[in-house]
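Beneath this line is the structure, given in structure tokens, with notes to follow.
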Amino acid sequence: MLNRPHRRLFRCGRVPLFLLAAASFAVLSPAGDAASPQHWPQWRGPLGSGEGPGAKPPVQWGPATNVAWKTAIPGTGKSSPIIWGDLIVVTTAVPAGSDQQFVVLALNRKDGTERWRTVVRTETPHEGTHRDGTYAGGSALTDGTRIYAFFGSRGLYALDLGGRILWEQQFGRMQTRLGFGEGSSPALHDGTIVVNWDHEGEDFIVALDAATGKQRWRRGRDEPTTWTTPHIVTGGARPQVVVGGTNRTVSYDLASGEEIWTAPGLTANVIPTPVSGDGMLFATSGFRGSALLAVRLRDAKGAVSGPPALAWSYDKDTPYVPSPLLYDGKLYFLKSNSGILTCLDAATGAVHYTERLEDVANVYASPVAADGRVYVVGRDGTTAVLAAGPKPQVLATNRMEEPMDASPALVDREIYLRGTRHLYRVSE
């Protein structure tokens, strides 16, 4: 039996004045503060591509090398950390008898100490998760003014930077394929937050006012369960939000929800999130098949089925769980959930290489990049660091003593790695 929503707020220490004053900054979009190495505002970074602009993280580390701090996180860690200045935020679900507490947790970036934790809801979930899953798979995101945390059937919450709940929205109960659970994150741009809701019932995508939680538009979809996060493209005449699907890949006008273009569907069980840059968008998935579509955005209108709008496609070695990485004109992705890495020329689709990373066997985390390097984190806690470029060159292999499924965050000279039980700050 479900309990009534129950909220508790715990605070550790005080929030610095510069964070409380963050409302005076321009609102951050996923691509809005790209030049700053200080922030990782969403799970794929400020560009939504996996790149950490301006970051210079270490190449080498280990349990006793270049680990500035290690902090235990309650629950099972699967969602990625986000960072705004001196504040780190993670989501988690903590068992409480037969219930789960759905928690937003903030840490001090300097030393990893807990700043506050907010239990936004306590209830018994109506369905289970995949054996590798969690009840808190969605990562938080921030615009520098508010923090947004999405727990699927448990709702979407906006909090201030001190952890106080400002508003919430409920969307109903998801019924996921085979009871595999929920895992999509929202997307955010210029005061609009977007939630995708593909399941075994009535599907929709909805846009909300980020300040108030009020609905701006809602459009029906017709898809089996997906776990993909919407991707917002801001470089054209009007911002658009793109969502991959098994039946269709669709671009919606961010302001109105109107469909701008549609492209062919991908595979079943779509999980990877699209990436975009240099006028191109890349959507991919890899369960029981392989699909990668490269859409030239300036030409994309209506049904996109061939050139020039569909610039190229690729049908092998695409990822099941990890999202692709777009970095310096190259598209990197893993085969299914393995350590086989492919690098393509993003403009043409030409193959630079497909290479097995010998020390990384299985991967759920999405690859990230900064300072001319690509980081691939394996499920056993091993990270391969490669030189970015058209030839595979492994610079270092780093092992931690904890499984890792969450995607890393890159800021300044640091990389943040979330294991199943701890969050690590790695810095020289």
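FYI, it's all coordinate maths here, none of it is from the lab. Just so we're clear, the structure is a prediction, and the values are computed from it rather than from any experiment. A quick note on method: Cβ atoms are made from the backbone with ideal geometry, for glycine too, and the neighbour counts reach across all protein chains shown.
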Once normalised by the length of segment 178-252, the mean sequence separation of its alpha carbon contacts under 8 Å that are 6 or more apart gives a contact order in percent of 24 percent
Please list 3J(HN,Hα) in residue order for segment 215-228, calculated via the Karplus relation 6.51 cos²θ - 1.76 cosθ + 1.60 where θ = phi - 60°; whole Hz, with x for glycine and proline. 5, 9, 7, 8, 10, x, 10, 9, 9, x, 4, 10, 10, 7
Using every alpha carbon pair in segment 150-189, what percent of pairs falls into each 10 Å bin from 0 up to the bin containing the largest distance? 26, 48, 21, 5
Charges at C-beta only: +1 for Lys and Arg, -1 for Asp and Glu. How large is the resulting dipole of the chain about its Cα centre, in Debye rounded to 20? 760 debye
Computed label-point distance, nm, for sites D345 and D371 using a 7 Å Cα→Cβ extension: 3.0 nm
Report the FRET efficiency, 1/(1 + (r/R0)^6), for D111 and E202, where r is their Cβ-Cβ distance and R0 is 45 Å, rounded to 0.05. 0.45
What list of ³J(HN,Hα) couplings, whole Hz, do you get for segment 379-391 from phi and the Karplus terms 6.51, -1.76, 1.60, once you set θ to phi - 60° and write x for glycine and proline? 5, 8, x, 8, 10, 8, 10, 10, 6, 5, x, x, 10
Rg to Rh quotient for the chain, alpha carbon positions, Kirkwood Rh: 0.93
Counting pairs of Cα atoms in segment 189-258, how many percent are more than 16 Å apart? 44 percent
Calculated FRET efficiency for the pair V394/D278, C-beta based, R₀ 30 Å, to 0.05: 0.65
The extension gain from D222 to A237, computed as 0.36 nm times the residue separation minus the Cα-Cα distance, is 2.7 nm
Comparing D359, D132, D253 in a Gaussian network model of the chain (Cα, 10 Å), the one with the largest mean-square fluctuation is D132
Charge context of R413, other residues only, Cβ under 10 angstrom, K/R +1, D/E -1: -3
Rh (Kirkwood, all Cα-Cα pairs) for segment 163-285, Å, reads 14.7 Å
Taking 1 over the mean of 1/r across every pair of different Cα atoms in segment 82-228, what Kirkwood radius in Å do you get? 15.7 Å
Could you derive backbone 3J(HN,Hα) for segment 404-421 from the dihedral phi with the Karplus parameters 6.51, -1.76 and 1.60 (θ = phi - 60°), listing whole Hz in sequence and x where the residue is Gly or Pro? 9, 10, 6, 6, x, 10, 10, 9, 6, 9, 10, 10, 10, 10, 9, x, 5, 10
